[in-house]
Structure formats: structure tokens, C-alpha cells
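Encoded as C-alpha cells, the structure appears first; notes follow it.
The values are calculated or read from the model by the stated rules, or taken from the named source; none is laboratory data. Note that this is a predicted model, so its numbers are computed, not measured. Here Cβ is always computed from backbone atoms with ideal geometry, including for glycine, and neighbour counts include all displayed protein chains. Ligands, DNA and RNA are excluded from the accessible area calculation, which covers all protein heavy atoms including side chains. Shrake-Rupley method; radii C 1.70, N 1.55, O 1.52, S 1.80 Å.
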Amino acid sequence: MNVDTLNIMLVDDHAIVREGISRLIEQSPDLRVCAQAENAETAMQQLQLQHVDLVIVDLSLDQQNGLELVKAILQHDNGITVLVFSMHQEDIYAERALRAGAKGYLMKSESPDTLIVAIRKLQQGGIFLSDRMTKSLLGEAIHQGRNHRVTSFGIQSLTDRELEIFTMVGKGSPSKEIAVNLGLSVKTVDAVRQNIKNKLGFQSASQMVKFAIEYANAG
């Protein structure tokens, strides 16, 4: 990273959120918001045009999961540092974000000052998670191993793609719409939905959909 000025790109589908983050960041003279994007496509275009040191990414983006964007950013340039900044539950998504290549995870419910703390931690080459999440991951590594971690209704057992489709189901998207948005066949989406139902132990598809709705709304 540039030791003089840290060039930051913001990726969030809400313009007012981007503006608020930008104003907060630029109170620090050595931090500069060099680009903003409302979706993954624009973000990747900006990376072609700008020198970016750090990208702050929301997980909920129009027509693409933020985890996939994290992977795409690092495929483009693995020297870029990524911080996920999201409303979604840390215990479900933080470890996934790290596996995708992000160096930190911060929930939007945290205080504004915590965002600057997270940026500074990443600027120094560290990893940022809440104290609670750090203790959880350390405890898991010591006592059980990451592959045996269980969260509410086994959601942690879902793959990134399964979780993405599960969340879209919870937001009311039918299989055809999910297929179009993700570039998959309806048959594939239906197969994934069946896998999700089996993994989570639901007796019926309607039972799975009901829980998906509750989960999406809770996020």
C-alpha cells in the first residue's frame, strides 16, 4: 500500500451510504476515496481506471453477491486489500469473507469510528474482526476445527452459492429470477434449493422457504 495516501474505493448500492462513508474517511488527510461504485460491474471498471489500495465492499449488491466481488477483485489484483462492510450477521458471513480473500469484516451497526480503526488495522497488514468474532474463531480452531462449526439451523454448512440462493429465496425471488440473476439454469437452482433443504433438515420446501424469509428479514 502507498504509505503516504491510502486510495480507497467504496462499493455499496446506496449512494447516501457511500457519501457518508466518504465524508468520514476523508476527515483523515492520508485517506482518500478515489472511486465509488454501486455494483460489481462498475467496481471492476473502476479498478481498470484507478490505482486502488483498499476496497470497502458491501455484501448486498444488485444482482451479485459481494463475496463473489471480493474474489473477482483479488483475481484482478491480489495486492488490493478488501474490507467487507455489511449489515449481515458476522457469525455467518465473516469467516466466509476471509475465505474469499477479504482481510476484515465490519458490521454497519458498529460506531463510525470503528470503520477508521478497521482501515488502520488493514493498512498495517493486519486482519480486522470484532473481538467476539476473533474469540469465536480462535475457540473453534482450538476445540473443534473450522469444518465442524455449527450455527443456527446449520447455515454455516451451506456453500457460498447455496447461501446466496438461500438468501435470494428469503427475499422472495422465484427460481426463474434467481437463475437469470446468477446465470444458471432453473434446473440447477432447483437442485441447489433441494440440497439446502436437505442440509438444513427441513421436511418440506415450504418449511425451508419460511425459514429463509425469517433469516433474510433478520439480516
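The test for being in contact with a strand residue (DSSP E or B) (Cβ under 6 Å, 6 or more places away or on another chain) and either at pLDDT 90 or above or surrounded by fewer than 17 Cβ atoms within 10 Å (Cβ to Cβ) (or both) holds for ALA102. Among (1) at pLDDT below 85; (2) under 19 Å from the mean Cα position of the chain (by Cα), there is one condition MET168 misses while meeting the rest; what is its number? It fails just one condition, (1). Among the residues of the range 1-40, those identified as acidic (Asp, Glu), surrounded by 14 or more Cβ atoms within 10 Å (Cβ to Cβ) and touching a residue at least 12 places away in the same chain (Cβ under 8 Å) are ASP12, ASP13, GLU38. So, LEU106, is that one of a type in the set (A, V, I, L, M, F, W, C) and not in a helix (DSSP H, G or I) or not? Judged against the criteria, LEU106 is a match.
Under the condition of being within 9 Å of the chain's Cα centre (by Cα) and farther than 19 Å from MET107 by Cα, the residues counted in the range 58-78 number 0. Taking (1) hydroxyl-bearing (Ser, Thr, Tyr); (2) modelled with pLDDT of 80 or more; (3) under 22 Å from GLU68 (Cα atoms); (4) open to solvent by 30 Å² or more (accessible area, probe 1.4 Å) in turn, SER111 satisfies each apart from (3). In this structure, is GLN89 modelled with pLDDT under 90, open to solvent by 40 Å² or more (accessible area, probe 1.4 Å) and either out of contact with any helix residue (DSSP H, G or I) (no Cβ under 7 Å at 6 or more places or on another chain) or small (Gly, Ala, Ser) (or both)? Criteria met by GLN89.
Scanning the range 192-219 for residues that are more than 24 Å from GLN89 (Cβ to Cβ) and open to solvent by less than 50 Å² (accessible area, probe 1.4 Å) yields one hit, SER204.
The single condition among (1) open to solvent by 30 Å² or more (accessible area, probe 1.4 Å); (2) at pLDDT 80 or above; (3) of a type outside the set (Gly, Ala, Ser); (4) under 20 Å from the mean Cα position of the chain (by Cα) that ASP131 does not meet is (2). Restrict the check to the range 148-158 and report whether at least one residue is over 24 Å from ASP12 (Cβ atoms) and at pLDDT 85 or above. Scanning the range 148-158 turns up at least one residue that is over 24 Å from ASP12 (Cβ atoms) and at pLDDT 85 or above.
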